[in-house]
Amino acid sequence: MSKRVIGILAMAYGTPSSVEEIEPYYTHIRRGRKPESAQLQELTERYEAIGGLSPLNEITAAQAAGLERTLNELDQDVQYRVYTGMKHAHPFIEETVQKMVEDGIEEAVGVVWAPHYSTMSIGTYIKSAEEAREKWGGPARISYVESWHLQPLFVESTAARVASALAQFPADESASVPVVFTAHSLPERIMQLGDPYPEQIEETGRAVTEQIGHHEWFTGWQSAGRTPEPWLGPDILDVIRTQHEQGVQALVVCPVGFVSDHLEVQYDIDIEAKQLADELGMKLVRVASPNDEPLFLKAVATAVLEQAKKG
Ligand code: FEC
């Protein structure tokens with residue numbers, strides 16, 4: 001008898017695959033409004049600063065392959081097939097849902113490569129998937145993992161990576177080095193919608209630091225959009241300045257809202273934030289991204305399996 005098949009719609013942000021694709025990508029992020037040439041130039045320069053393009057597509061592909069392998073190892077009664085759908089690049093979520101229907105997938109679980117729920121992040125991925133499901137008339141059922149920010153193996157994997165970052169300081173100093181857990185800022189108006197995003201980031205930070213017994217920690221924001229409306233703060237650059245004014249000489253930054261190396265980590269933290277810290281004579285250590293680390297993939301796979309059981 002052939003195994004029951006469950007399709008996994010693994011949704012990721014997406015990145016341009018060539019320099020020519022930067023403009024359509026940026027236009028898509030801006031919901032169809034073309035960027036002005038100065039804005040495009042500035043974004044292209046940020047990609048140049050991290051080596052030309054982002055490694056995100058390769059990492060997303062490695063995560064998908066690892067997730068599929070892990071799911072099939074953890075539950076051998078079912079055949080899991082992982083399909084990647086992107087928010088801002090090909091294959092778009094809509095294209096991937098069409099492919100799942102063509103492949104005869106009837107039952108699916110949707111998961112986003114981001115741990116914390118916001119109506120403006122995970123909520124928008126789910127909305128795209130549901131619109132596509134309606135358009136293509138399937139899969140008959142997709143149930144979604146809405147957040148996995150406290151999944152115990154995710155907490156364990158993050159705690160291990162934070163501990164390695166702290167281990168870069170002498171033993172008698174590391175206990176006093178603050179760890180800043182950052183996530184992508186969003187417009188402040190999410191707060192009026194009762195969005196759980198800021199609270200979930202706080203919860204991950206608390207669980208991780210409790211696990212390693214580290215008492216100096218707080219949350220901050222990064223990568224705010226370049227629009228006039230107010231965005232959640234304080235921004236990591238302001239955090240660095242304030243900590244410096246308070247006499248702090250070293251910081252560990254954990255971009256816990258992201259799960260891969262990409263522009264927002266490699267430029268906003270590794271270049272921009274580090275440069276400011278250098279100018280102020282502070283040491284800044286960035287916590288490694290999970291990428292396709294096996295324990296991290298097991299965390300996401302476990303969250304997916306729990307959702308699949310609930311149906
Ligand atoms: O490496 C790469 O090429 C892509 C990196 C990348 C990731 C990412 C993740 C998130 N974003 C989120 C929200 C917003 C909002 C706006 C916005 C704008 C940009 C721009 C680029 C960009 N984001 Fe992004 N984001 C990445 C890249 N993001 C490039 C455009 C230029 C700029 O502002 O820097 C503002 C849109 C608007 O103008 O209305 C809002 C959130 C995440 C984390 C969750 C997730 O991964 O989905 C939230 C990776």
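The values are calculated or read from the model by the stated rules, or taken from the named source; none is laboratory data. Here the structure is a predicted model, which means the values were calculated and not measured. Reconstructed Cβ throughout: ideal geometry from the backbone, glycine too, with neighbour counts over all protein chains shown. All accessible areas refer to the heavy atoms of the entire protein, side chains included, with ligands and DNA or RNA removed. Shrake-Rupley method; radii C 1.70, N 1.55, O 1.52, S 1.80 Å.
One line per residue, one yes/no per condition, for (1) open to solvent by 20 Å² or more (accessible area, probe 1.4 Å); (2) without any contact (Cβ under 8 Å) to a residue 24 or more places away in the chain; (3) away from the ligand (no atom under 16 Å from the Cβ); (4) assigned by TED's automatic domain parsing to the domain that holds H184:
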| residue | (1), (2), (3), (4) |
| --- | --- |
| R241 | yes, no, yes, yes |
| V252 | no, no, yes, yes |
| F258 | yes, no, no, yes |
| I271 | yes, no, no, yes |
| G281 | yes, no, yes, yes |
Got a number for residues in the range 7-21 being within 10 Å of the ligand (Cβ to nearest atom) and either open to solvent by 80 Å² or more (accessible area, probe 1.4 Å) or outside the structural domain of E45 (by TED's automatic domain parsing) (or both)?
1
Looking at the structure I just gave you, is Q266 in contact (Cβ under 8 Å) with a residue 40 or more places away in the chain and within 16 Å of the ligand (Cβ to nearest atom)?
yes
Counted residues, the range 197-225 - those being without any contact (Cβ under 8 Å) to a residue 40 or more places away in the chain and over 23 Å from I122 (Cα atoms):
3
Taking the condition of being closer than 19 Å to G205 by Cβ and outside any loop (DSSP other than H, G, I, E, B), how many residues in the range 238-260 meet it?
10
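Open to solvent by 40 Å² or more (accessible area, probe 1.4 Å), of a type outside the set (D, E) and within 16 Å of the ligand (Cβ to nearest atom): does that describe R189? Break it down stepwise before answering.
Numbers: open to solvent by 40 Å² or more (accessible area, probe 1.4 Å): yes; of a type outside the set (D, E): yes; within 16 Å of the ligand (Cβ to nearest atom): yes.
In short, yes.
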Of all residues in the range 54-89 being open to solvent by 50 Å² or more (accessible area, probe 1.4 Å) and either among the charged types (D, E, K, R) or within 18 Å of the chain's Cα centre (by Cα) (or both), which is farthest from the ligand (Cβ to nearest atom)?
D77
Residues in the range 111-131: is at least one over 23 Å from S260 (Cβ atoms) and touching a helix residue (DSSP H, G or I) at 6+ places or on another chain (Cβ under 6 Å)?
no
Look at A183 and say whether it is outside the structural domain of W113 (by TED's automatic domain parsing) and either part of a helix (DSSP H, G or I) or over 16 Å from F154 (Cα atoms) (or both).
no
Specify the residue that is nearest to L305 (Cα to Cα); the eligible residues are those in the range 138-158 that are open to solvent by 70 Å² or more (accessible area, probe 1.4 Å) and not in a helix (DSSP H, G or I).
E146
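Looking at the range 192-232 only, could you name the residues that are assigned to a helix (DSSP H, G or I) and in contact with a Ser or Thr (Cβ under 9 Å, 6 or more places away or on another chain)?
Passing the criteria: L193, Y197, P198, Q200, I201, E202, T204, G205, A207, V208, Q211.
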Could you give me the residue pairs with C-beta distances under 6 Å whose first residue belongs to the range 37-52 and is on the phi < 0 side of the Ramachandran plot, whose second residue is in a helix (DSSP H, G or I) and open to solvent by less than 70 Å² (accessible area, probe 1.4 Å) wherever it lies, and which are 6+ apart or on separate chains?
L40/E23; L43/Y26; T44/I22; A49/I271; I50/Q266
Could you grab me the full set of residues in the range 105-139 that are within 12 Å of the ligand (Cβ to nearest atom) and either small (G, A, S) or modelled with pLDDT under 95 (or both)?
A114, S118, S121, G123, S128
Considering only residues of the range 224-239 that are within 16 Å of the ligand (Cβ to nearest atom), over 23 Å from G194 (Cβ atoms) and in contact with a strand residue (DSSP E or B) (Cβ under 9 Å, 6 or more places away or on another chain), which is least open to solvent (accessible area, probe 1.4 Å)?
I236
Residue under question is R226, and the condition is that it be at pLDDT below 95 and at negative phi; does it hold?
yes
When you scan the range 64-115, how many residues do you find that are in a loop (DSSP other than H, G, I, E, B) and over 15 Å from V145 (Cα atoms)?
12
How many residues, within the range 22-41, are open to solvent by 80 Å² or more (accessible area, probe 1.4 Å) and more than 10 Å from the ligand (Cβ to nearest atom)?
4
